[in-house]
Each structure stands twice: as C-alpha cells, then as structure tokens.
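What follows is a set of notes on a single structure, which appears directly below.
The values are calculated or read from the model by the stated rules, or taken from the named source; none is laboratory data. Only a predicted model underlies this, so the values are computations on that prediction, with no experimental measurement involved. Heads up, the Cβs are rebuilt from the backbone with ideal geometry, glycines too, and the neighbour counts pull from every protein chain shown. Side chains included, ligands, DNA and RNA excluded: accessible areas come from the protein's heavy atoms. Shrake-Rupley method; radii C 1.70, N 1.55, O 1.52, S 1.80 Å.
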Amino acid sequence: MKILVINCGSSSLKYQVFDMAKEDVLAKGLVEKIGLPGSFLKHRRGEESNHLVETPIKDHEVAITLVIEALTSGEHGVVKDMSEIEAVGHRVVHAGEKYATSVLITPEVMQALRECIALAPLHNPPNIMGIEVCSRLMPAVKHAAVFDTAFHQTMPEYAYRYALPQTYYEKYGIRRYGFHGTSHRYVTERAAVLLGKSADELKLITCHLGNGASVAAISGGKSMDTSMGFTPLEGLIMGTRSGDLDPAIIPFIMEKEQMSPEQVNNFLNKSCGMNALSEVSSDFRVIEDAAAQGDHKSKLALEMYYYRVRKYVGAYAAALGGVDAIVFTAGLGENSPEVRDEVCKHLGFMGVEIDPAKNRVRGKEVDLSTASAKVRVLLIPTNEELVIARDTKFIVGSV
Ligand code: ADP
C-alpha cells in the first residue's frame, strides 16, 4: 500500500510517499514560497539527489499539481499514475475538542475543521485548502486527517482549563489544547520500545524542541499536560515566539506601542523569542556559535531557554509524581548536545544523569543516561510523517 502524506502550510507544502509494506519512504519533497517570488519544488526519490523545479507557483492547486507531476514523472517519479496511491494523510493542526484520534475525511469533518479556524487562524486555513485541492485532484483516493491536538485530548480538566470564567470556555472554547501531539505520541511509543516496557506503565516527559517547542507530561501512554496552550504561543521560549509571560504585559505593550490585537499577536509570535533576545538569529546553530564567540546576548538567550525547559521538566515531574524517562526530540533536541546537557545537568537531585560521551550524538535513538541514573534520558528522532502514514493506513483499512 502506497500512502502520500501532505503537510500544507500557508506558503509551503511538505510531502512524503510511503510504501507501507516496510514503511519505506519512496520519495519526499517540499514546495516553498507558494504565491511569492522565488517559488520552487524540491523533490527527492529514495536516496537520489534532489530534483529542483524553479517556477512561479501561484497557489496550492499549482503546488499540488507539480507534486503529482514529480511523483508520476518517468525520470524522478515513484508511481505510474496516482491511482497507485491508495490514500492521502493530511496533517491538520487544530481539531478543537471534536476529535481525539485521526479520522477519515468526510463533509462533516471538513465542517468541523472550518469551525476550528477561529482557534488556529494561521494553520487551519492552509490545512483545509490542502485537503480541498488534493480531493479535487485525486477524487478516487481516500483522505484522512491527523491532528496535532488529538493526542492531548486526554488531559484532565484541571490541566486544560484556565482560571477564567466557565462561560469563556463554553462560548469561545478557551482552554489548553496542546500541539505537536503527533510527535509526542511517536516518541512515547518509541520510548516504551527502547525501555522494553509497555507505555501503560511509564511516566515520561517528552521535550519536542524545534522551531516551535513544547514539553508534555505523559502517564500510561496518555498526555496529562503540555506546555503549549490555547495556541502554540504558550510555554517554552521559541525561535520567534515569546512563550510564557505575565498576561498583563500584553495590554501594557498594546498601550505603549499603540498596537492592535492583531499586531500584538503577530509581535509575540514572530518578533520575540530567541531571535529578539540574541539579536543574531532564531536558529540555534547561529546562536550557539555567537555565544561561543562570547556574545553576551546570545549567552543570556541560551541560559533563559535552558532554564525554561528545565522548569517545565521539574514541574511535570511533580505533576506526574515521578518520571521514568525524559525524551529529547525535534531539530534542536536531536541535534544539540548542549541543550540536552544544559537541561539535564541541574536535575541530578531527581536522579537524572547523562553520560557526556553518549551525549555527543546527533539524530539517533540512544539512551544517554549513565548506568546508575534513576531516570533515563533518551534521544529519539521524531517522525510525524510516519505516524500520519500509519494512521491513514489504519483508517482506510477499517472502512
Ligand atoms: P520545525 O519546528 O520547523 O519542524 P525543526 O524541528 O526542524 O523545526 O527544528 C529546527 C531548529 O532546530 C533550527 O531552527 C535549529 O535551531 C535547530 N537545529 C537544527 N540542527 C541543529 C544543530 N545541529 N545544532 C543546534 N540546533 C540545531
């Protein structure tokens, strides 16, 4: 069974084709700058080198048409025609409280996703558009939706409610939803395998540290709490997002800087975080280099970042009443020994101890702990696309 996985953003689109027999990736690629100057498609079949198509891509319809052309091309393709693709799995950011698992896309599901636009105005519209265009261009194929929020629907009410009047929850849906659920779920399942236990008997703290970043508290394979909230702005300091701050700062800035609600929302999402603190970049590679050269602002930004992650790990250890393993994943979690070291080195009091030699590793599944550590520290590369492909296979197999 061949499955196409689509992750459609406002100006970009990522895709992968899986052969589910062995879960091999047959091809993958991305389209960038949709509707902008300099748009292109980068496509790769298997381990071959990238095939680049630089052409005006005015909208998502053109982008998906180009993806279909690449996948069916004699030279770079992996199928003769799209009828060989049995199903398409779509990443969708927000399903509100409606879905706690992945679902087959039906008109009713599309309506529910449209109702969630208010909760994710930046993410759900391009996700919806991707599904609409794919359904038009591949009408004979089944489509499934896999949600970032679904895994966190198990959070207890005391963790997901904010201390606002109940009517705000009922009228506007203001509550913690949490994001990166597909990634937290994947590393939870892998952690159980690595530890040789069932997820049911484990307490885990999973740290997804990428451009966007979140920590989750997992007990018995279920999400009990997570640092992102009503939107992906809450929690850790991120590349360009502020993460947690005193809510009173927001009206204060709006008044001082004459910002509208939309402007302040943009500001907190796009002009803060590591980029604003370091004044060099939102990319940790650049910030780590600048700090190594003695740049004070970059050093402070990193200290603040590590401190915030550590605080969440400590809070979640308390929330779970103990922890068996801490998991690091995503761009930074997988590739930066410094971040793992700096987060873990003050957690010796709770039985965390990583082996510096084992920690000198990137992008591989490894137990980084010393033999005597009470809490394991695992590096597990995430694979959200594989989860989407597996869920899609399961859903189309059961209809
Ligand atoms: P996204 O949230 O966009 O999927 P990723 O999970 O790919 O992001 O993470 C991207 C971030 O990971 C980069 O901005 C960078 O800060 C960090 N990163 C990637 N590789 C390294 C590395 N070798 N060293 C330090 N940080 C890295």
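Using alpha carbon coordinates only, what is the Rg to Rh ratio of the range 198-384, with Rh defined as the Kirkwood radius?
0.99
So how much slack lies between Ser198 and Lys311, counting 0.36 nm per residue of separation and subtracting their Cα-Cα distance, in nm?
37.9 nm
Compute the accessible area per residue over the range 198-384, keeping the other protein chains in place, probe 1.4 Å, unit Å².
Per-residue value: 46 Å².
What percentage of the solvent-accessible surface of the chain, computed with a 1.4 Å probe over protein heavy atoms, is contributed by carbon and sulfur atoms? Working shown, then result.
On the way: 9660 of 18470 Å².
Of all accessible area on the chain, carbon and sulfur atoms account for 52 percent.
Kirkwood Rh over Cα pairs of the range 107-170 into Stokes-Einstein at 25 °C, 0.890 mPa s: D in µm²/s? Spell out each step's value before the answer.
Details: Rh = 14.1 Å.
Using the Kirkwood radius from Cα pairs, D works out to 174 µm²/s.
Hey, can you grab everything whose amide H is under 5 Å from the amide H of Gly243? Only 5+ residues off in sequence or another chain; H modelled, so Pro and N-termini drop out.
Result for Gly243 returns Met238.
Over all alpha-carbon pairs of the range 2-147, lay out the pair-distance distribution in 5 Å bins, whole %, shortest bin first.
The percentages, shortest bin first, are 2, 10, 20, 22, 20, 14, 8, 3, 0.
Assuming a viscosity of 0.890 mPa s and a temperature of 25 °C, what translational diffusion coefficient in µm² per second does Stokes-Einstein assign to the range 218-270, Rh being the Kirkwood radius over Cα pairs? Let's see the in-between values first.
Values: Rh = 12.4 Å.
Rounded to a whole number, D works out at 198 µm²/s.
Of Pro37, His76, Val103, which is farthest along the charge dipole of the range 2-147 in the positive direction, counting Lys and Arg as +1 and Asp and Glu as -1 at C-beta?
After comparing all options, I get Pro37.
Take the alpha-carbon centre of the range 72-129, take the same for the range 158-198, and report the distance between them in whole Å.
One Cα centre to the other: 21 Å.
For His143, what residues show an amide H to amide H distance below 5 Å, using hydrogens built from the backbone and excluding near sequence neighbours?
Amide H to amide H, under 5 Å and 5 or more residues apart or across chains, His143 pairs with Val88, Ile105.
Could you work out the Kirkwood radius for the chain, taking every pair of different alpha carbons, averaging 1/r and inverting it, reported in Å? Let's see the in-between values first.
Values: mean 1/r = 0.0451 Å⁻¹.
For the chain, the Kirkwood estimate is 22.2 Å.
Based on the alpha-carbon gyration tensor of the range 316-399, what equivalent-ellipsoid semi-axes (square roots of 5 times the eigenvalues) come out, in whole Å, largest first? Mind dumping the intermediate values first?
Numbers: eigenvalues 173, 54, 21 Å².
Values for the range 316-399, descending: 29, 16, 10 Å.
Greater than 29 Å separation of Cα atoms is the criterion. Which listed pairs, Lys14/Lys345; Lys2/Lys364; Lys222/Lys374; Lys197/Lys364; Lys14/Lys80; Lys2/Lys270, meet it?
Lys14/Lys345; Lys2/Lys270
Considering the chain as a Gaussian network with a 10 Å cut-off on Cα pairs, which listed residue, Gly348, Gly210, Gly29, attains the greatest mean-square fluctuation?
Gly348
Could you order peptides 9-18, 54-63 by the average number of other Cβ atoms within 10 Å of their residues, highest first?
In decreasing order of mean packing, 9-18, 54-63 become 9-18, 54-63.
How large is the convex hull of the Cα atoms of the range 115-257 per residue, expressed in Å³ as a whole number?
160 Å³
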